[in-house]
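Below you'll find the structure, written out as structure tokens, and then a few comments.
Every number in this text was worked out from the coordinates using simple rules, so none of it is lab data. On a predicted model such as this, the values are computed, not experimentally measured, just so you know.
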Amino acid sequence: MREIAVNIKASNKPGVLRDITDMMARCGINIIYIHLFIENKDLASIYMELEGVENLELFVDNVKNFHEVREVETYRSMGEIYGKRIIIIGGGAQVAMVAQGAITEADRHNIRGERISVDTIPLVGEKELAEAVSAVGRLPRVGALVLAGSLMGGKISEAIQEIKADHDVIIISLNMPGNVPEKADLVVTDPVQAGVMAVMAVADTAIFDINKVRGKRF
């Protein structure tokens, strides 16, 4: 089904979201992603990605007919705009080098029509890193996760196992002490190459099959 994105600005009141989603359900529209935040005490912004919208103009008119709705805008989905995501987590120096490789490689593929974006966060501490890895499972459109550090194991490895059990995310680790490399799909010593390979692993425009190198070290 064709996917569309819609951003609805409405009064910040109980029941508004319920009424809008109830109308969508009655029309056979499926919500595949939703993000809501409060702009101020009176106004909320509801971003949705939808499938099954047969008549876009009629749908927008129906939403605008709600008394509490102030504004409705339609867009291309985040998948079409930002595409697949590469997440890089770890120490600042290593993250920067992995990002250099990933951004350079993503640029090559994006010029040819691909859409790949790169997100980074430098962190210190087993608990903080484990929380960040676990949170990847709650993020949309993640294609690959790169663990870029000097020593990782313990709770971080447990978080990786949870991600791999429930989500189709490629895990790439730098070659480092700790048992995180043992849990990764691929271990790469050079951080720049790790970033390049992460992009190649998710790009439709790359001739690279992670299954042929899974479990190997480079």
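Overview of values
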read-out: Estimated [θ] at 222 nm from DSSP helical runs (n ≥ 4, -39500 (n - 2.57)) normalised by residues in the chain, nearest 500; value: -11500 deg cm²/dmol
read-out: For G154, residues with placed amide H under 5 Å, excluding near neighbours; value: N179
read-out: Region 82-213 pair-distance distribution - Cα-Cα, 5 Å bins, rounded %; value: 2, 12, 24, 26, 21, 10, 4, 1, 0
read-out: Helix 92-111 axis, angle to the chain major axis (alpha carbon atoms, nearest 10°); value: 60 degrees
read-out: Cross-link partners of K41 among aspartates and glutamates (Cα-Cα below 16 Å; sequence separation of 8 or more within a chain); value: E68
read-out: For region 110-127 and region 62-93, distance of Cα centres in Å; value: 17 Å
read-out: Mean separation of Cα contacts under 8 Å (6+ apart) over length of the chain, as relative contact order %; value: 18 percent
read-out: Region 13-29 - phi-based ³J(HN,Hα) in whole Hz, Karplus 6.51/-1.76/1.60, Gly and Pro as x; value: 9, x, x, 5, 4, 4, 5, 5, 5, 5, 4, 4, 4, 5, 8, x, 8
read-out: Principal-axis tilt of helix 126-136 within the chain, Cα atoms, nearest 10 degrees; value: 50 degrees
read-out: Under Karplus coefficients 6.51, -1.76 and 1.60, residue-wise ³J(HN,Hα) of region 48-65 in Hz, glycine/proline x; value: 9, 10, 10, 10, x, 7, 7, 10, 5, 4, 5, 4, 4, 4, 5, 5, 5, 6
read-out: Angle in degrees between helix 191-202 and the longest Cα principal axis of the chain, rounded to the nearest 10; value: 50 degrees
